[in-house]
Amino acid sequence: MVTSIARKALLCAALGLAGLATAASAATLKIGTEGGYPPWSMVDAQGKVTGFDADVGHALCKKLDMKCRFVVQAFDSLIPALEAERFDLVISGMSVTAERSKVISFSIPYATEDSAFVLPAGSPLLKAADQKTLLQGLAGKTVGVQSGTTQGAFLQKYAPDLKLKTYETQDQMQMDLSADRLDATFSEVTPQSQFLSTSGKGKFALADYVVKSSADPDILGLGIGAGINKKNTGLKTKVDKALCELIQDGTLKTSSEKWFGVDLSNYAACK
């Protein structure tokens, strides 16, 4: 009887250790993100990454049967870190552009987003009818953009007469706008709209003219995608398949409407 009990105890212990080993060896998907670009990517008071791209990351991990681990760092350092294999993916509201594609691969563009200027309420440029009028009106003025973004590259090409000021985060840029150290900011519509619904409410407004990515796809990109190391072709295939499933089953639509109030899912990418 003692021997039988001992054998059972040993068997249970062995099974328990096997279970722990399986859990410990479960693959982890390391995801680089900025964490300071609401509502795409934010870090809450407890250090948890939230936002639309966090939802995308968690949904991908579930599809791929992997555990998620987010690595938070400055936006303009994400691509060099991905090249150095410090993480597997970049999911951080990153536009798929020809320039970036020279050094990293991208998933399908899972979302689409336009760009717009925020100016002081009452500025006549808010009613500019076209890009030429708006950019000419900003000549000599100081416009804020986030460092490493397509919006900065766009203004360098199309508005060389304005004074471009770059910031590590959206928050820093918006604080300078609120403190009258900037004449305008240029970013994607959704983070600009969030600013206008919070600290910028009543004092600033979104320009009527919205810059579509189709205005210059080479610079503004083909949509928002996940960055992947060029060496990791197997991961790209898996991520593309999973993202299409998440678009088609409505997962991204639900998350997009939760964070943005609109559906930014790029249905055309999976046709």
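We did not get these values from a lab; they are worked out from the coordinates using the rules stated. Every value quoted in this text rests on a predicted model; they were computed, and no experiment measured them. Heads up, the Cβs are rebuilt from the backbone with ideal geometry, glycines too, and the neighbour counts pull from every protein chain shown.
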Beta bridge orientation in the chain: antiparallel %, DSSP, nearest 5: 55 percent
Dipole axis of the chain (+1 Lys, Arg; -1 Asp, Glu on Cβ), positive-most option in 108, 68, 228: 68
Rounded, prolate or oblate (a/c below 1.5 giving rounded, otherwise prolate when a/b exceeds b/c) for segment 115-220 by Cα gyration tensor: rounded
Relative contact order, percent, the chain [alpha-carbon distance under 8 Å, six or more residues apart]: 26 percent
Calculated from backbone phi, Karplus (6.51, -1.76, 1.60) coupling profile of segment 48-61 in Hz, x at Gly/Pro: 7, 7, 10, x, 4, 5, 5, 4, 4, x, 5, 5, 4, 4
Point-charge dipole on Cβ atoms (K/R +1, D/E -1) for the chain, about Cα centre, debye to 20: 860 debye
Straight-distance crosslink candidates among lysines, where the alpha carbon sits under 22 Å from residue 157 and sequence neighbours closer than 8 are dropped: 102, 132, 141, 165, 212
Estimated dipole of segment 195-271 in Debye, rounded to 20 [Cβ of Lys and Arg +1, of Asp and Glu -1, Cα centre]: 280 debye
Selection from 152, 213, 250 lying farthest towards where the dipole of the chain points positive, charges on Cβ: 250
For segment 115-220, size of Cβ-based charge dipole, Lys and Arg +1, Asp and Glu -1, in debye: 220 debye
